[in-house]
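Beneath this line is the structure, given in structure tokens, with notes to follow.
No value in this document is a laboratory result; all are computed from the given coordinates. The structure displayed is predicted, hence computed values, not measured ones. Using ideal geometry, Cβ is built from the backbone for each residue, glycine included, and neighbour counts are taken over all protein chains shown.
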Amino acid sequence: MKIVTIIGARPQFIKAAVVSREILKHSQLEEVIVHTGQHFDANMSDVFFEQMDIPKPHYQLEIASLSHGAMTGRMLEKIEEVLLKEQPDWVLVYGDTNSTLAGALAASKLHIKVAHVEAGLRSFNMRMPEEQNRILTDKISEILFCPTQSAKQNLLKEGYSDDANYLPVVGDVMFDAAKFYAQRSQRPSELPSDISLGKFVLGTIHRAENTNDLSRLKSLVESLNEINQSEPVVVPLHPRTKAILDANDIAVDFTILEPVGYLEMVYLLQHCSLVVSDSGGVQKEAYFFKKPCLVTRDETEWVELVEHGSNHLVGVEKSKILAAYDKAKSTDVDYSVPFYGNGHCAEEVIGYLLKDGCN
Ligand code: UDP
């Protein structure tokens, strides 16, 4: 059975790493990896392939730095060419990026089956490119691998049929990755030596709604500057965010690192005291590594963590962020609830695809 995997952005490399490893265990499976090029810097792409032993992509489409429409359109055209040549049984897509949608659409138009890993997530904010991508991808997928029960419930509310072979709840591949790579974590070489382990806040900022709106970005940065007065804040910064901060002379008082590899990121998650993030993946990783998280967005797809009390949905208003910081620091949370499966999600995903091949 031949599987074409479409990846292009940092979180997709991390998700695909564990599934690709699982595919390699089955001699009857052949994987062809297509890298769209959406993320291309060495520290946003190559480092993940090296650190996580992801097989080298068979195709590098090198499509990047374009508007959403142009990027998705060019990917669609190029992925179609690959699919016509490779004639796979399945196309495997991850998450909610332009690469996800382009891969799913190219396959669907050629009547090739699409498997969507991380299906059913919703922010209910249709202005987010991610929300558009995930809703459309779900619509044209043959199997929708839901990470959580709430993701499945979202799909049922949209009228998807309740069939365990169509909407299986398999857990989260990112939890597999966190468990597997935790042993190999590495201290980032750039991390200042005077930062004490267990006594710093880890931040990330990259969501378009925060970086493209300067008032939101300034408020977020001022909040982190203020937290940094009482506890060091360390932010491995997305290149796009860095460029916007520089272009607008926004003053930063906390420690900025270049984007780090996954093994370094896991180290920071293991050793921080608290996380402040607008990232989808990092919100959950905070929970995996038993750290409270302030989610600097107005809505989240990972609602169970907010309901549970480990994550706090704070937006970008300084007073809210600072109040939530104090609250999170003084609240005990039970981190043993298995919201995201048992760390064997990749096995389940491949199990379903193999089962289909036997039919
Ligand atoms: N990540 C990383 N290095 C960094 C920042 C993030 O390895 O400098 C990892 C992070 O641990 C998570 C993934 O990248 O696994 C999340 O990607 P991102 O925040 O870019 O996207 P999102 O999850 O919001 O789609």
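Numbers below:
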| quantity | calculated |
| --- | --- |
| Choice from Lys157, Lys139, Lys179 with maximal GNM fluctuation in the chain (Cα, 10 Å cutoff) | Lys157 |
| Nonlocal amide H pairs with Thr204, under 5 Å, H built at 1.01 Å | Val276, Ser277, Asp278 |
| Separation in nanometres of the label points that stand 7 Å from Cα toward Cβ, at Ile195 and Met126 | 4.1 nm |
| Residue-wise HN-Hα coupling along the range 139-149, computed from phi with Karplus coefficients 6.51, -1.76, 1.60 (Hz; x: Gly, Pro) | 4, 10, 9, 8, 9, 10, 7, 8, x, 9, 4 |
| Values of log10 I(q)/I(0), in the order q = 0.08 Å⁻¹, for the chain under a Debye, Cα-only, solvent-free model | -0.37 |
| Cα coordinate range in the range 20-148, projected on the principal axes (Å, largest first) | 40, 32, 31 |
| Principal-axis tilt of helix 68-86 within the chain, Cα atoms, nearest 10 degrees | 40 degrees |
| Stretch gain in nm, segment Tyr335-Lys109, where the contour uses 0.36 nm per residue and the Cα spacing is subtracted | 77.1 nm |
| Förster radius 22 Å - calculated FRET efficiency between Asp298 and Ile250, Cβ distance, rounded to 0.05 | 0.60 |
| Given charges at beta-carbon only (K, R positive; D, E negative), |dipole| of the chain in Debye | 80 debye |
| HN-Hα J in Hz across the range 192-202 - Karplus 6.51, -1.76, 1.60, θ = phi - 60°, x for Gly and Pro | x, 5, 7, 7, 7, 5, x, 10, 8, 9, 9 |
| Chymotrypsin sites (Phe, Trp or Tyr not before Pro) restricted to DSSP loop in the range 78-124 with at most 10 other C-beta within 10 Å | Phe124 |
| Proximal lysines to Lys85, defined as alpha-carbon separation beneath 30 angstrom and excluding residues fewer than eight positions away on the same chain | Lys2, Lys15, Lys25, Lys56, Lys109, Lys113, Lys139, Lys355 |
| Efficiency of FRET from Cβ geometry, Asp41 and Arg184, R₀ 25 Å, rounded to 0.05 | 0.65 |
| Gaussian network model of the chain, springs between alpha carbon atoms under 10 Å - residue of Leu202, Leu84, Leu155 with greatest fluctuation | Leu84 |
| Added length on full extension, which subtracts the Cα-Cα distance from 0.36 nm per residue, Lys157 to Asp213 | 16.9 nm |
| Per DSSP, loop trypsin sites (Lys or Arg not before Pro) in the range 1-91 with at most 15 further Cβ within 10 Å | Lys25 |
